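Have a look at the structure below, then the notes.
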Amino acid sequence: MTAAIASDCAAPEVNAARICAVFDLDETLIRSKSMLAVLEQYHRSTAASPDQAERRIRDVRANLTWYVERNANRAAQNRYFYRQLAGIPVDDMARAAQQWFEANRAALYHDAVVAQLNAHQQAGAVVIVVSGSFAEAIAPIAADLSIEHVVCARLEQRDGRYTGAMLGEPTIGEGKAIALCQFLQVHGLSMHGGFAYGDHDSDIPMLSLADHPVAVGSNAALLDHARRHDWRISPLFPDD
């Protein structure tokens, strides 16, 4: 299926002068899972007491663990996670994301990967984050790293609150590659000569679109695929 995605990925009029550098977010650029961390921060910042906040967080984790144990499909897991946001005001979640970011920034980033992102920016590349996370969680990080383009989960909103539903497919696995292709087509870009960075074997479809895929970290299935296909491997050192 990845080959079919790649064949459909070229825009009708491509700006060949612009090289793209595409980065997964969670556990590639940053150490945490942003979507869960921001949801937990929301509960901490809005609960009536610390005990109530911890109960809410335990409930969220228990619900997610229950679902993951019964459903291995990561896209389905992504959809289930966003059901936990139903009824939450979008503005409150955005504030929680900023609070979480400010409290954790000092130890948030994988510095070795951020250094590669900065090098691409200095070289004039179009830097794009593609993530299964959602816009409000990503916004403080994108602003901090001067990332202009973010392709992520699109969440349905009604009257300023999340409904718990997603708009379109999760940006996970093949969905991440499809979403990136759609973005490239709209913007007249391609992955010809481009770079892509990811930390998990579910990122392989997206990484396969790039001329220069980079396997980040220590995921065994991803590293095995990278070695068999002669991809570059980037350990999360020296910062880990």
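The values are calculated or read from the model by the stated rules, or taken from the named source; none is laboratory data. This structure is a prediction, so every number in the text was calculated from the model and none was measured. Counting neighbours? That spans all protein chains shown, and the Cβs are built from the backbone with ideal geometry, glycine included. Keep in mind that these areas ignore ligands, DNA and RNA; they rest on the heavy atoms of the full protein, side chains included. Shrake-Rupley method; radii C 1.70, N 1.55, O 1.52, S 1.80 Å.
Around the Cα centre of the range 43-126, unit charges on the Cβ atoms of Lys, Arg, Asp and Glu (plus for the first two, minus for the last two) sum to a dipole of about 320 debye. Where (i) 46; (ii) 51; (iii) 55 are the candidate values, the label of the one calculated here for percent of Cα pairs over 24 Å apart is (i). Find out how many positive minus negative residues lie around Glu54, taking Lys and Arg as positive, Asp and Glu as negative, among other residues whose Cβ is under 11 Å from that of Glu54. In short, +2.
Across the chain, the mean sequence separation of Cα contacts (distance under 8 Å, 6 or more residues apart), normalised by length, yields a relative contact order of 28 percent. Assign one of three labels to the range 35-117, namely rounded, prolate or oblate, based on the Cα gyration tensor with a ≥ b ≥ c the square roots of its eigenvalues; rounded applies when a/c is under 1.5, prolate when it is not and a/b is larger than b/c, and oblate otherwise. Judged from the Cα gyration tensor, the range 35-117 comes out oblate (a/c at least 1.5, b/c at or above a/b).
Please calculate how many Å² of accessible area the range 138-240 carries per residue, with a 1.4 Å probe and no DNA, RNA or ligand atoms counted.
Counting only protein heavy atoms, the per-residue value for the range 138-240 is 46 Å².
The antiparallel fraction among DSSP beta bridges confined to the chain stands at about 20%.
Between the C-alpha center of the range 112-191 and that of the range 36-89 there is a gap of 22 Å. Calculated mean residue ellipticity, 222 nm, the chain: -14500 deg cm²/dmol, from DSSP H runs (n ≥ 4) at -39500 (n - 2.57) each, averaged per residue and rounded to 500.
Here the simple spin-label model places points 7 Å from the Cα toward Cβ, and for Asp91 and Thr65 these points are separated by 3.6 nm.
Full extension of the chain segment joining Ala221 with Asn104 gains 39.2 nm, where the gain is 0.36 nm per residue of separation less the Cα-Cα distance. Once you order the gyration tensor axes a ≥ b ≥ c over the Cα atoms, which shape class does the range 94-220 get: rounded for a/c under 1.5, otherwise prolate or oblate by comparing a/b with b/c? Oblate is the answer for the range 94-220, as a/c is 1.5 or above yet b/c matches or exceeds a/b. Placing R0 at 35 angstrom, the Cβ-Cβ distance between Glu148 and Arg55 gives a FRET efficiency of 0.35 after rounding to 0.05. Length available on full extension from Asp111 to Gln77: 0.36 nm per residue minus the Cα-Cα distance, which gives 9.4 nm.
If R0 is 30 Å, the Cβ-Cβ spacing of Gln122 and Ala47 corresponds to a FRET efficiency of close to 0.10.
Split the accessible area of the chain by element, probe 1.4 Å, and carbon with sulfur accounts for 49%.
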